[in-house]
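The values are calculated or read from the model by the stated rules, or taken from the named source; none is laboratory data. Everything numeric in this text was worked out from a predicted model, so none of it was measured. Quick reminder, even Gly has a Cβ in these numbers, built from the backbone with ideal geometry, and neighbours come from all protein chains shown. Quick note on the areas: whole protein, heavy atoms, side chains included, nothing else; ligands and nucleic acids left out. Shrake-Rupley method; radii C 1.70, N 1.55, O 1.52, S 1.80 Å.
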Amino acid sequence: QVQLVESGGGLVQAGGSLRLSCAASGRTFTMYAMGWFRQAPGNEREFVAGISRSGGSTIYEDSVKGRFTISRDNAKKTVDLQMNSLKPEDTAVYYCACTLRHEARLTYDYNYWGQGTQVTVSS
(Lines give C-alpha, C1' and ligand atoms only; values in the text may rest on other atoms or scores of the structure.)
Protein backbone atom coordinates (compact mmCIF):
# COMPACT_ATOMS: atom_id res chain seq x y z
CA GLN A 1 0.00 0.00 0.00
CA VAL A 2 1.14 3.56 -0.72
CA GLN A 3 0.23 6.70 1.17
CA LEU A 4 0.60 10.03 -0.62
CA VAL A 5 0.73 13.51 0.92
CA GLU A 6 0.74 16.65 -1.21
CA SER A 7 2.12 20.04 -0.22
CA GLY A 8 3.03 23.36 -1.79
CA GLY A 9 -0.33 24.74 -2.80
CA GLY A 10 -1.36 28.33 -2.18
CA LEU A 11 -2.48 31.63 -3.65
CA VAL A 12 -0.51 33.16 -6.51
CA GLN A 13 -1.08 35.89 -9.06
CA ALA A 14 -1.52 35.10 -12.72
CA GLY A 15 1.86 34.64 -14.36
CA GLY A 16 3.43 33.40 -11.16
CA SER A 17 4.83 30.00 -10.22
CA LEU A 18 4.23 27.30 -7.64
CA ARG A 19 5.93 23.99 -6.96
CA LEU A 20 3.82 21.14 -5.64
CA SER A 21 5.38 18.16 -3.97
CA CYS A 22 4.00 14.73 -3.18
CA ALA A 23 5.68 12.51 -0.59
CA ALA A 24 5.06 8.78 -0.70
CA SER A 25 5.36 6.21 2.05
CA GLY A 26 5.92 2.51 1.59
CA ARG A 27 8.60 0.40 0.04
CA THR A 28 6.96 0.00 -3.36
CA PHE A 29 7.27 3.55 -4.71
CA THR A 30 9.38 2.54 -7.71
CA MET A 31 6.73 0.02 -8.80
CA TYR A 32 4.41 2.87 -9.68
CA ALA A 33 4.16 5.50 -12.33
CA MET A 34 2.95 8.75 -10.83
CA GLY A 35 0.46 11.36 -11.92
CA TRP A 36 -0.95 14.72 -11.00
CA PHE A 37 -4.64 15.51 -11.43
CA ARG A 38 -6.75 18.54 -10.61
CA GLN A 39 -10.37 19.23 -9.85
CA ALA A 40 -12.05 22.63 -10.00
CA PRO A 41 -15.45 23.22 -8.35
CA GLY A 42 -18.22 21.71 -10.43
CA ASN A 43 -15.78 19.92 -12.71
CA GLU A 44 -14.62 16.35 -12.98
CA ARG A 45 -11.13 15.44 -11.88
CA GLU A 46 -8.79 15.78 -14.84
CA PHE A 47 -5.34 14.54 -15.72
CA VAL A 48 -2.52 17.09 -15.64
CA ALA A 49 0.79 15.24 -15.92
CA GLY A 50 2.32 11.79 -15.54
CA ILE A 51 5.79 10.32 -15.11
CA SER A 52 7.10 6.79 -15.58
CA ARG A 53 8.63 4.61 -12.86
CA SER A 54 12.15 5.64 -13.75
CA GLY A 55 11.31 9.25 -14.48
CA GLY A 56 12.52 8.91 -18.03
CA SER A 57 9.15 9.44 -19.67
CA THR A 58 6.58 12.17 -19.05
CA ILE A 59 3.17 13.08 -20.47
CA TYR A 60 1.09 16.24 -20.11
CA GLU A 61 -2.39 17.51 -20.69
CA ASP A 62 -2.34 19.89 -23.64
CA SER A 63 -3.23 23.06 -21.71
CA VAL A 64 -0.22 22.73 -19.39
CA LYS A 65 2.44 21.70 -21.92
CA GLY A 66 5.37 24.09 -21.81
CA ARG A 67 4.24 25.55 -18.47
CA PHE A 68 4.25 22.59 -16.07
CA THR A 69 7.03 20.08 -15.43
CA ILE A 70 6.66 16.82 -13.53
CA SER A 71 9.67 15.15 -11.93
CA ARG A 72 10.38 12.46 -9.38
CA ASP A 73 13.13 11.48 -6.98
CA ASN A 74 12.96 7.77 -6.28
CA ALA A 75 15.53 7.95 -3.49
CA LYS A 76 13.41 10.50 -1.63
CA LYS A 77 10.10 8.96 -2.77
CA THR A 78 8.78 12.28 -4.00
CA VAL A 79 7.14 13.56 -7.15
CA ASP A 80 6.98 17.27 -7.89
CA LEU A 81 4.98 19.47 -10.22
CA GLN A 82 6.63 22.75 -11.17
CA MET A 83 3.95 25.14 -12.41
CA ASN A 84 4.98 28.29 -14.26
CA SER A 85 3.02 31.01 -16.07
CA LEU A 86 -0.03 30.16 -14.00
CA LYS A 87 -3.46 31.19 -15.22
CA PRO A 88 -6.74 31.68 -13.33
CA GLU A 89 -8.08 28.59 -15.08
CA ASP A 90 -5.38 26.54 -13.33
CA THR A 91 -7.23 27.12 -10.04
CA ALA A 92 -8.18 23.75 -8.57
CA VAL A 93 -7.40 21.19 -5.94
CA TYR A 94 -4.36 19.25 -7.15
CA TYR A 95 -3.94 15.55 -6.37
CA CYS A 96 -1.08 13.16 -6.83
CA ALA A 97 -1.75 9.51 -7.49
CA CYS A 98 0.05 6.34 -8.45
CA THR A 99 -0.65 3.70 -11.05
CA LEU A 100 0.73 0.38 -12.23
CA ARG A 101 -0.16 1.32 -15.82
CA HIS A 102 2.10 3.03 -18.33
CA GLU A 103 1.11 6.54 -19.50
CA ALA A 104 -2.25 6.38 -17.76
CA ARG A 105 -4.51 9.44 -18.02
CA LEU A 106 -7.77 8.13 -16.55
CA THR A 107 -8.65 8.40 -12.88
CA TYR A 108 -9.80 4.79 -12.65
CA ASP A 109 -6.34 3.61 -13.74
CA TYR A 110 -4.84 5.03 -10.55
CA ASN A 111 -4.64 2.97 -7.39
CA TYR A 112 -3.85 5.39 -4.56
CA TRP A 113 -4.53 9.10 -4.09
CA GLY A 114 -3.40 11.91 -1.85
CA GLN A 115 -5.77 14.25 -0.05
CA GLY A 116 -5.12 17.16 -2.40
CA THR A 117 -3.70 20.66 -2.12
CA GLN A 118 -5.47 23.86 -3.15
CA VAL A 119 -3.99 26.08 -5.86
CA THR A 120 -5.64 29.44 -6.42
CA VAL A 121 -4.51 31.77 -9.21
CA SER A 122 -5.82 35.33 -9.03
CA SER A 123 -6.24 37.50 -12.12
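Things to note:
- Atom-type composition of the exposed protein surface of the chain places 46 percent of the accessible area on carbon and sulfur (1.4 angstrom probe).
- Across the stretch 60-69, coupling constants 3J(HN,Hα) worked out from phi with the 6.51/-1.76/1.60 Karplus curve, θ = phi - 60°, read 9, 6, 4, 6, 10, 4, x, 10, 10, 9 Hz, and Gly and Pro carry x.
- For Tyr112, the amide hydrogen comes within under 5 Å of the amide hydrogens of Cys98, counting only partners 5 or more places away or on other chains and with H modelled in the peptide plane.
- In order through the stretch 43-48: 3J(HN,Hα) via Karplus (6.51 cos²θ - 1.76 cosθ + 1.60), integer Hz, x for Gly, Pro: 10, 6, 5, 10, 5, 10
- Under a model in which nothing but the beta-carbon of Lys, Arg (+1) and Asp, Glu (-1) is charged, the stretch 1-117 shows a dipole of about 360 debye around its Cα centre.
- With protein chains left intact and a 1.4 Å probe, residues in the chain average 51 Å² of accessible area per residue.
- For the stretch 47-113, with +1 on Lys and Arg beta carbons and -1 on Asp and Glu, the positive-most of Val48, Pro88, Ala104 along the dipole: Ala104
- Neighbourhood charge, 15 Å Cβ-Cβ cut-off, centred on Val119 and excluding it, Lys, Arg +1 and Asp, Glu -1: -1
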